[in-house]
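Notes to accompany the following structure.
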Amino acid sequence: MSSHTCILLGAAALLLAGCHPDAPEGSLVLTQTPVGIPPPPSATVLDVRYPPGSRVVLLVPPFRADTVRELSHGLVAAGDPCVSWDGRWVYFAGKGTDEAAWQIYRVNVGGGQPELVTRMPGGAMDPSIAAHGELVFSSPVPKAGRLSTPSEPAALYGQMPGHEPSRLTFGTESAVDSTVLRDGRVLFVTSGARGDGRSPRHLSLFTINNDGTEVTAYACVDGGEDIVRRPRELGDGRIAFLASRSEGPGTVGWAEFVRSSAPFATRSSLFAFHGAGCRSVEPMSGEDVLACIETSAGGGRSMMRNAKVFRVGADAAAIGAPIFDDPQWNSIEATPVAARAEPNGHTSAVMPGAPYGTLLCLNVNDGSEPAADGNPAPAAELRVFASVGSGVRRTLGTVPVDSDGSVIVQLPADVPLGLDTLDAQGHVLRHQPALLWLRPGENRACIGCHEQRNHAPRNIRPLATMHGPAHLTLNGPTTVPHATTP
Amino acid sequence: MKPQPTLSVRAIARTILVLSLLPAAGASAQTAPHEEKAAFPLPLVTRFENFGEKDGIPSHKIHFVLKTRDGKVWLGTNNGLCVRQPDGKFRRFGPEDGLSHQVVLGMAEDPATGDLWVATMQGLNRFSGGKFTNFTQTNSGLPNNVVFAVTVIDGAVWAATPAGAGIYRIKTKTWTMYDQTNADFEEPWIYAVAPAEKVIYIGVWAGGVVEFDPKTGLFKAFRDPDSDTQLQVACNSGPISDITSWVAYDAGIVWQSTYFGLARYDTKEATWQTWVQDKTPLVSKFVNTVYAHGRVAWVATDRGVSETDGTNWVNYTVDEKGQGFAKTYLNGKAPETRTMTTALSNGFVMAIWADDHEAWFATSNGLSHGIFAEPTPSPTVASNP
Amino acid sequence: MKLERIILVASSLALAGAGATVGGFSGLRYHERLRSGLPNLGMVSCVHCHQRGLDTLPWAKPRPHHDAPDGMAVSPDGKTLFIALNDRDEVAEADVASLSVTRRVKVPGGPFGLALDATGRRLFVACRNQDRVAVIDTRDLKELAAISVGIRPTDVAYCLTPAGERLIVPNSGSNDISVLSVSPLLELTRSAGGREPYAVAVSADGGRVYIANRMAIHDQVLSQPASELTVLDPSNGHVLNRVELHSAHLAEGVAEVPARGWVLNSMVRVRNLVPITQVKDGWVMSTGVAISKRDGEVTQVPLDEANAYFSDPSGIVASPDGKRAYVASGGADVVTVLDLDRLGAWLAHAGEAERSDAIENMALSYQYVSARIPTGCNPQHLALSPDGSRLFVAERLDDRVLVVDTASLKPVGRIVLGDGGLADPIRLGERVFTRARYTFQGQFSCRSCHPDGHVDGLSYDFDGAGVGDNLLANRSLCGVAGTEPFKWNGKNPTLQYQDGPRFARVLMRTDEIPQPQLDELATFIKHLPPTRTIPWSRVGQPLTPAEERGRKLFFATQRTDGTPIPVGRQCQTCHRPPLFTDRLLTSVGTQGAQDTSGVFDTPHLIGVGAMAPYLHDGRAKTLEEIWTVYQKDDLHGVSSYWSKQQLNDLVEYLKTI
């Protein structure tokens, strides 16, 4: 090989290394939003969260304002960084122009031009990464103030590298703020309200598999503050999130957590100190967390407030000093740049093209709450309805309940479904709003109607398995088999 | 001068008899003179305690009774297995508790493990630690679901069924069957099995008594020599009849019960004795079962109980009014009958269990407890029917 | 002319070749029909019937042995630890202070369970592979005496009773419990246990022994199974009580907490009757501890958490002060520490409904679990020093014993027995087999349903196209090498296929096992030898007369009256030796109402005596029932001419295979 060739090859290697160098150990990636800049008119929720000039930056040790390296250059606004599991890529939401929709971009931590990853018509937000590099995000981006009451709810999508996105959620409420748990499920925020029309809108944490199956309440459904955001799984298995009493600009939130060992029973404040003004929490290695909290600028001598980055130990009694602060910016969503264990994958059971899924309930009478009006009668029928858009509800039909309370029915796939249990006189005993969906070919089972949380089923063979399922379609029932009595 | 009253022989004998019926005493040796106690060679029931459905026994019809080493009395009834607990109360076990069928025909205790084996009309059961395990002809090597009797012999459970004898070896969990195809049985219908020291006696319906040697695997059948169920042409020469309803063994003596009389085989002397009704002290020829304790046999018939050592007899009967009688036959002497203040609960006696101190009688109308000695306070005061 | 000749010759040769091919093919097809009795077998290979010998199979060949620790016993002074090394036929003695092995001694027969007498002078060793208990003098490690017990003894306990010294030995293979006197060494009784008596604990007062029976049994396939806690009087072997642990199986550990009057069983709470539509929320199974009280009350409480599982719990020990219990979870590589004060407080205030519901409440355990101690690979047996200060954890697949300081719950070190065997692909495969990480949230491992590679005696309703129509009996993996295809419908041609993507989709609910690990797993499974179902003393011995009669019946080609039995209905046709399967699909008239097909893969029969229940959905509780209850029109072999005696003989023969 000639010396020229060697030199060329060596330069190429250097070039390549320079194009995608790893970030120095201990680096962080975060969002910086300019202090005091208002959101544009007709803003989306991201425009409010990330006003023009917001950027995603890499912060290398030592953390100083002059060592910040912009990763989102070329974009008019960017935010919500998410680091890939190999620690080499950063995904974030950004917009190319003021008029453009927000989309998901990715950039190498070593620098380079951000690449456009999504091309969703209504925009995309809240990137997270599942196993095998699958990008999970929400789309469309709701208008400001409409996150929880959308006419077109944001849904979760999954997009494998080099593939088109596929929709994962089909509920009537927006599914946003996703994160991927170590067990491979996608944890996200949606409304878990009972839908009786009288309760205030209440956000909760739900999970799905990475194919949209097994939608299940995870935490925060019952009680606690109404608004939750940005759930993140910490190293010790806790799920940290932001809580507040309301949404919108100027809302003051704080950090809370639930334990994965008992998520419905362990909701608590994350910090021992007063953590109001918390803008984000991200896990670090060990038991520390990275928290971005608004405090007074300049050490409390000013009326101005900005968000700073803090490293908070597991039992910290006080907030301590920030590890990074630039008074010109709100520094939020700070995330370590490091390789981590990839979450588990999930071999999908979805059968694309199958028009229905199957739902088995082991005992519709098994509920954690009393029936409506305290009606003690057992359920005789299950009525299924679908939400067909704009708040319209279409009844698909009723199926008889077996004598042990079990029922099995095939239902249209990828349609938000709700359930009513009815007594022999047709009175509604229990009502489940249209929060449920079945993916094509999904076989789904539940224990009861408003079953107790985090409960396993009793080991009893349900009578409903002795006969084929009823079949309800969007056009009405096709088959309704006789119920079984032992 | 007035003649002085003298005691006739008859009066003396009567006195002896009355005195001998006084409770045999450990402490009260004065109650019966030594020569009077020794005069009657068989244990005597001095009174009966009777128990029925009102006492908690699940059925009036009791097929079998067994007292286990822990002192509990077990009953096989028409409506379940029943046990008399230490507090005197009766507790029932039925199919809802895991018993294979409510009609219980027999029980046996495994002395090694303390388990109780229960024969029913629908399978064999092991009752152990409060739990039933069922063995049926469909789920095991049991020859037939109708199990008339069960016996445990050296770690093997013998089940007597209409399709042969089924033997379940507890350690190896293997089954062996003997019927007319591989044993000297006239028919497969087996009613009872009784272990001796080295051989096993099997009562075969229409097949007499068959002796089985486990070491050699050989069978030897004892058949009615005159092959006549009604007539006794050749007395004392073999089984009284081939229609064996039960067989028992103890102290070198094999007892055979049939519906046509009773037979006794002295294994040492190789001699037979037979008894029929009317011509012999046997209270009835229709013998359901016989229980051997030492050299005494307790014979359960349709008309009461005979107790004998082959020479001396006591018959316990009850009339329609419930009056009990004890009729004794001392060797060479005329029989004596006395009325008893208590009586068997019913004359149709299905089975008996006895030891040196007491006897239990399973009848078609209740349970009778025959007490030999001075009765100790009973936890439950029973009444006669 | 020459060309014509060439054409003629070529044509003739071609015709001849074609004729030979057709003829050969026809001949082969005729041969298949004749030997199988089936008209349309399709394309089958010769090896379906002309199987290779058993000695060519992986499990029959020599394999590496490892220093995997099993049962342990701590000397009364706490200074010495004895460790059973089943795979090496050895017992190791280690010094606790220095964490070093001081001596090793050969103990033939696969030592598995250990116990010491009160003085520590005599070590009693349950040897699983040769059905014996050996007595070792701890001074010189010489074997003093030995005695045969039941099949595959897995543990031994020593106790002193008013009637004398006793040894209690659970025999997992014969489902009974040997009660031995020590001097002389005699078997006093053989009491019936549950299914697979596995572990034994002695009450503090020596008046009772508790035997954990590993497997659950059920009355019928759709009824709730239960395993048994057997309570024995050690003086005479009489069974005092049989406590039912509902839906509990893999109950491999038992410990008494005398201060509380509790007996604890480690267990898996199985949900086999519920269609497996998901895994989360303990849907397939979860782990727990059963607490049995003297008054008969039993409460099962979870060991798992709402979103994390600690699969395959086995060894369990309780601290002498009754404040803690330790449970080893072999599938999760963790020892869980239970705070018994908190657990007792919960039990005291919980109502009946709460206690009944507890095992289903996956969010309960945080109330009484005080710590989870990470361990090496596959912890199973545990031992506690008499003063409770040291916990010994047998890290089975690391060939080490972890020593934990119970005050701090931190490891103080390890006793190294071997190198871990990472160069052995069979060992690597066993690690895959025992690890729960390949299932969603680590809920279960392969071993959870296949303890020792065998069956768990249950039927499961796997997720298929429908719901509730796929109830299938668990099949043994022991001796499966060479018996492909797999699965009751015969759709899986290899073990890798069996455990690959479809398995990941319907059961594991995670990514499929990576190919290298899948190959290791297959290697391990292929090396699982058949389960021994006869006593060690009978291995290699002639059949008994009954077994021989049964063997002749199995291979019968004609009925007793001389009428020929159609080839397709002879036992030996489908269950062809030496594997006792022709590895083909066939129908034996057992299609159930919910089954979509009545054609099933012919299972191999090696070890069939221990594979209850039987048939594809497990409906036959015993071998007898295959023909007494579920035989239809002689479709499962011609049996209508059999007498009961003949059926009994056949069953005796089948138990020897």
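Can you pull out the residues in region C:544-560 that are surrounded by fewer than 16 Cβ atoms within 10 Å (Cβ to Cβ) and either assigned to a helix (DSSP H, G or I) or modelled with pLDDT of 95 or more (or both)?
Filtering region C:544-560 down to residues surrounded by fewer than 16 Cβ atoms within 10 Å (Cβ to Cβ) leaves C:545, C:548, C:552, C:555, C:557-560.
Within region C:544-560, C:PRO545, C:GLU548, C:LYS552, C:PHE555, C:THR557, C:GLN558, C:ARG559 qualify.
I need the full set of residues from region A:430-456 which are more than 11 Å from every other protein chain (Cβ to nearest Cβ), part of a loop (DSSP other than H, G, I, E, B) and farther than 27 Å from A:THR347 by Cα, in order please.
A:CYS449, A:HIS450
Could you check region C:264-296 and list, in sequence order, the residues that are more than 17 Å from C:THR336 (Cα to Cα), more than 14 Å from chain A (Cβ to nearest Cβ) and in contact (Cβ under 8 Å) with a residue 12 or more places away in the chain?
Scanning region C:264-296 gives C:SER292, C:LYS293, C:ARG294, C:GLY296.
Tally time: how many residues in region C:448-470 are of a type outside the set (D, E, K, R), buried (at least 22 other Cβ atoms within 10 Å of the Cβ) and touching a helix residue (DSSP H, G or I) at 6+ places or on another chain (Cβ under 6 Å)?
The total comes to 1.
State which residue pairs qualify: first residue touching a residue at least 12 places away in the same chain (Cβ under 8 Å) and closer than 12 Å to B:LEU44 by Cα and inside region B:295-309, second residue charged (D, E, K, R) and crowded, with 24+ Cβ neighbours inside 10 Å in any location, beta carbons under 7 Å apart, and separation of 6 or more residues or different chains.
Partner pairs satisfying both residue conditions: B:VAL296/B:GLU307; B:TRP298/B:GLU307.
Looking only at region C:587-595, decide whether some residue is crowded, with 18+ Cβ neighbours inside 10 Å, touching a residue at least 24 places away in the same chain (Cβ under 8 Å), touching a His at 6+ places or on another chain (Cβ under 9 Å) and closer than 14 Å to C:ASP649 by Cα. Reasoning before the result, please.
Kept after step one, since they are crowded, with 18+ Cβ neighbours inside 10 Å, are these residues of region C:587-595: C:588, C:590, C:595.
After this cut, where a residue has to be touching a residue at least 24 places away in the same chain (Cβ under 8 Å) as well, the list is C:588, C:590, C:595.
Keeping just the survivors that are touching a His at 6+ places or on another chain (Cβ under 9 Å) gives C:588, C:590, C:595.
Still in the running and closer than 14 Å to C:ASP649 by Cα: none.
Within region C:587-595, none of the residues are crowded, with 18+ Cβ neighbours inside 10 Å, touching a residue at least 24 places away in the same chain (Cβ under 8 Å), touching a His at 6+ places or on another chain (Cβ under 9 Å) and closer than 14 Å to C:ASP649 by Cα.
Search region C:483-515 for residues being basic (Lys, Arg) and over 19 Å from the mean Cα position of the chain (by Cα), and hand back the single one that is surrounded by the fewest Cβ atoms within 10 Å (Cβ to Cβ). Explain how you work it out, then say what you get.
Here is the first cut: in region C:483-515, the residues basic (Lys, Arg) are C:487, C:491, C:502, C:505, C:509.
Subset that is over 19 Å from the mean Cα position of the chain (by Cα): C:491, C:502, C:505, C:509.
Working: C:LYS491: 13, C:ARG502: 16, C:ARG505: 17, C:ARG509: 28.
It comes out as C:LYS491.
Any residue at all in region C:145-153 that is of a type in the set (D, E, K, R) and at negative phi?
No, region C:145-153 contains no residue that is of a type in the set (D, E, K, R) and at negative phi.
Residue check: is B:THR301 farther than 21 Å from B:GLU211 by Cα and hydroxyl-bearing (Ser, Thr, Tyr)?
Yes; evaluated as a whole, the condition is true for this residue.
Which of the strands (runs of 3 or more DSSP E) found entirely inside region A:218-328 contain at least 1 residues meeting this: more than 27 Å from A:VAL180 (Cβ to Cβ) and of a type in the set (D, E, K, R)? If you could, list the steps in order and put the result at the bottom.
Details: elements: A:227-233, A:238-244, A:253-259, A:278-283, A:289-296, A:305-312.
So the answer is A:289-296, A:305-312.
Could you check region A:206-245 and list, in sequence order, the residues that are of a type in the set (S, T, N, Q) and either touching a residue at least 12 places away in the same chain (Cβ under 8 Å) or more than 14 Å from chain C (Cβ to nearest Cβ) (or both)?
A:THR207, A:ASN209, A:ASN210, A:THR213, A:SER244
Can you tell me which residue is farthest from C:PRO501 (Cα to Cα) among those in region C:516-555 that are among the hydroxyl-bearing types (Ser, Thr, Tyr) and under 27 Å from the mean Cα position of the chain (by Cα)?
First pass over region C:516-555, keeping only residues among the hydroxyl-bearing types (Ser, Thr, Tyr): C:523, C:531, C:533, C:537, C:544.
After this cut, where a residue has to be under 27 Å from the mean Cα position of the chain (by Cα) as well, the list is C:523, C:531, C:533, C:537.
Values: C:THR523: 18, C:THR531: 28, C:THR533: 34, C:SER537: 44 Å.
Among residues in region C:516-555 that are among the hydroxyl-bearing types (Ser, Thr, Tyr) and under 27 Å from the mean Cα position of the chain (by Cα), the one farthest from C:PRO501 (Cα to Cα) is C:SER537.
Any chance you could count how many residues in region B:117-154 are more than 9 Å from chain C (Cβ to nearest Cβ) and in contact with an Asp or Glu (Cβ under 6 Å, 6 or more places away or on another chain)?
1
Report, by residue number, each residue of region C:105-129 that is assigned to a strand (DSSP E or B) and either touching a Pro at 6+ places or on another chain (Cβ under 6 Å) or not aromatic (Phe, Trp, Tyr) (or both).
If the condition is that a residue be assigned to a strand (DSSP E or B) and either touching a Pro at 6+ places or on another chain (Cβ under 6 Å) or not aromatic (Phe, Trp, Tyr) (or both), then C:VAL105, C:LYS106, C:PRO111, C:GLY113, C:LEU114, C:ALA115, C:LEU116, C:ARG122, C:LEU123, C:VAL125, C:ALA126, C:CYS127 are the ones that fit.
If you go through region C:117-127, how many residues are of a type outside the set (Gly, Ala, Ser) and surrounded by fewer than 20 Cβ atoms within 10 Å (Cβ to Cβ)?
Of the residues in region C:117-127, 3 are of a type outside the set (Gly, Ala, Ser) and surrounded by fewer than 20 Cβ atoms within 10 Å (Cβ to Cβ).
Out of the residues in region A:261-280 that are within 14 Å of another protein chain (Cβ to nearest Cβ) and more than 15 Å from A:ASP236 (Cβ to Cβ), state the one that is surrounded by the most Cβ atoms within 10 Å (Cβ to Cβ).
Among them, the one singled out is A:ARG267.
Would you mind finding the one in C:ARG502, C:ARG509 that is within 14 Å of chain A (Cβ to nearest Cβ) and touching a strand residue (DSSP E or B) at 6+ places or on another chain (Cβ under 9 Å)?
C:ARG502
Being without any contact (Cβ under 8 Å) to a residue 40 or more places away in the chain and in a strand (DSSP E or B) narrows it down to one of A:GLY53, A:GLY94, A:GLY122, so name that one.
Just one listed residue meets the conditions, A:GLY94.
Answer yes if at least one residue in region A:392-411 is touching a Phe, Trp or Tyr at 6+ places or on another chain (Cβ under 7 Å), modelled with pLDDT of 95 or more and either closer than 30 Å to C:HIS218 by Cβ or within 14 Å of chain C (Cβ to nearest Cβ) (or both), and no otherwise.
yes
Identify, by number, the condition in (1) under 33 Å from the mean Cα position of the chain (by Cα); (2) more than 14 Å from every other protein chain (Cβ to nearest Cβ); (3) surrounded by 16 or more Cβ atoms within 10 Å (Cβ to Cβ) that A:ASN459 doesn't meet.
Of the numbered conditions (1) under 33 Å from the mean Cα position of the chain (by Cα); (2) more than 14 Å from every other protein chain (Cβ to nearest Cβ); (3) surrounded by 16 or more Cβ atoms within 10 Å (Cβ to Cβ), the odd one out for A:ASN459 is (2).
Are there any pairs, at least 6 apart or on different chains, whose C-beta atoms fall under 9 Å, with the first in region C:332-353 and closer than 27 Å to C:LYS410 by Cα and the second at pLDDT below 95 and among the small types (Gly, Ala, Ser), and if so, which?
Close Cβ pairs satisfying both conditions: C:LEU340/C:ALA259.
Check every one of the strands (runs of 3 or more DSSP E) wholly within region B:198-273 and list those with 2 or more residues that are under 22 Å from the mean Cα position of the chain (by Cα).
B:200-204, B:208-213, B:244-250, B:253-258, B:261-266
Taking C:SER597, is it within 14 Å of chain B (Cβ to nearest Cβ), part of a loop (DSSP other than H, G, I, E, B), farther than 22 Å from B:ASN134 by Cα and not aromatic (Phe, Trp, Tyr)?
Answer is no for this residue.
Mind listing just one residue for me: the one in region A:173-189 that is within 14 Å of A:SER204 (Cβ to Cβ) and assigned to a loop (DSSP other than H, G, I, E, B) and, of those, nearest to the other protein chains (Cβ to nearest Cβ)?
Ranking the qualifying residues of region A:173-189, first place goes to A:ALA175.
Give just the number: which of (1) under 19 Å from C:VAL239 (Cβ atoms); (2) away from chain C (no Cβ under 14 Å) does B:HIS101 not satisfy?
It fails just one condition, (1).
The values are calculated or read from the model by the stated rules, or taken from the named source; none is laboratory data. Not measured: the values here are computed from a predicted model. Virtual Cβ from ideal backbone geometry, glycine too; neighbours counted across all protein chains shown.
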